[in-house]
1. Which number do you get for Rg(Cα) / (2.2 N^0.38 Å) in the chain?
2. Residues with amide H under 5 Å of GLU52's amide H, sequence separation 5 or more or different chain, H placed in the peptide plane at 1.01 Å from N; which?
3. Quick check on the chain: helices-only [θ] at 222 nm, where DSSP H runs of length 4 and up contribute -39,500 (n - 2.57) each and the sum goes over total residues. Nearest 500, please.
4. In whole angstrom, and with the biggest value first, how far do the Cα coordinates of the range 61-127 range along each principal axis?
5. For the chain, with a Gaussian network of springs between Cα atoms less than 10 Å apart, report the residue from LEU217, LEU72, LEU281 with the top mean-square fluctuation.
6. Express in Å², to the nearest 10, the accessible area of LYS59 obtained by rolling a 1.4 Å probe over the protein heavy atoms while all chains stay in place.
7. Using θ = phi - 60° and the Karplus relation 6.51 cos²θ - 1.76 cosθ + 1.60, list the HN-Hα couplings for the range 103-119 in order, rounded to whole Hz, with x at every Gly or Pro.
8. For ASP199 and ALA53, FRET efficiency with R0 = 25 Å and r from the beta-carbon atoms, rounded to 0.05?
Amino acid sequence: MAALAALTACHQSPPAGYPGYLETEWVYVAAPVAGRLARLAVHRGQEVAAGEALFELEKATEETALAEAAHLLERARARRDNLDKGQRPSELAELEAREARARAELALAEAEWRRREPLRQQGVIADEEWGLARARREAAAAEVAALQARLTTARLGAREDEIRAAEAEVAAAQAAWERARWAVEQKRQAAPVAGRVQDTVYRVGEWVPAGRPVVVLFPPDQLKARFFVPEPVLAAVRVGQQVMVHGDGWPAPVPAVIRFKADRPEYTPPVIYSRENRAKLVFLVEAVLAPEVARSLPVGQPVEVRLEP
């Protein structure tokens, strides 16, 4: 009898499958800004690659705002550069010419005063005439000093406070231009991942609110079999374990790898937890299918999953 029991254990039939269904993580592609749908580049059932264009919203208003922001940025930069350079060359040339003329007048007044100095000592001219020549010399010297100061200021450019204010205006205009450019770019949305177009929610010409999905994608690498195992079998289920998924009409079962198992029961009937009733507790398990297999399988189909020994 012992030998017969051992032989029977070696030839036990494989365990029955566990019911479940195919599920995926949909990718909902939306624009963060609102607008009228101008172009829908895909249709349901179409395979798309990552980065391929999906849809585009009208963007005339955003492009106008971008152009305006670009002009404001250019004006702010020009004002800042102008303050850095100081006055224009023609203005500097005028000041230099005025300074040269003032120097010439100073030299003439200096010579006139020096010529009258010995005449005053000899008593040929009155003190008033000598004083008038000295006053003209001092006035010419003051004019030269004033023009030299103006030239120095003109060559230095604007004050530091004005330059800092101009820099702040450039930074604000740059931020406004970046915001406007982002709004224009968000009007066109591309596929974030490769997959199949499961649904298109809006038609061309319809208004699309901000954040509302326009295209729903099915990424093959997200297809998984969700099935349920009873409480006595849960300890034999391990993350990373391979299972075989069976479906109606499939030519052969396909492999999958367990990526998740729940630690709480999906269904708890109001019964006493006896040895006989513990099998009524079922736990959710998810097994991911290979992308090359998942492309041809329909989402939502009921399946049966068998654990590999």
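1. Compared with the compact-globule rule of thumb, the chain sits at 2.28.
2. ALA191
3. My calculation for the chain gives -14500 deg cm²/dmol from helical runs alone.
4. 89, 18, 14
5. LEU281
6. Looks like 60 Å² after rounding.
7. Whole-Hz 3J(HN,Hα) from phi for the range 103-119: 5, 5, 5, 5, 5, 5, 5, 5, 5, 5, 5, 5, 5, 7, 4, x, 5.
8. 0.90
The values are calculated or read from the model by the stated rules, or taken from the named source; none is laboratory data. The structure displayed is predicted, hence computed values, not measured ones. Heads up, the Cβs are rebuilt from the backbone with ideal geometry, glycines too, and the neighbour counts pull from every protein chain shown. Ligands, DNA and RNA are excluded from the accessible area calculation, which covers all protein heavy atoms including side chains. Shrake-Rupley method; radii C 1.70, N 1.55, O 1.52, S 1.80 Å.
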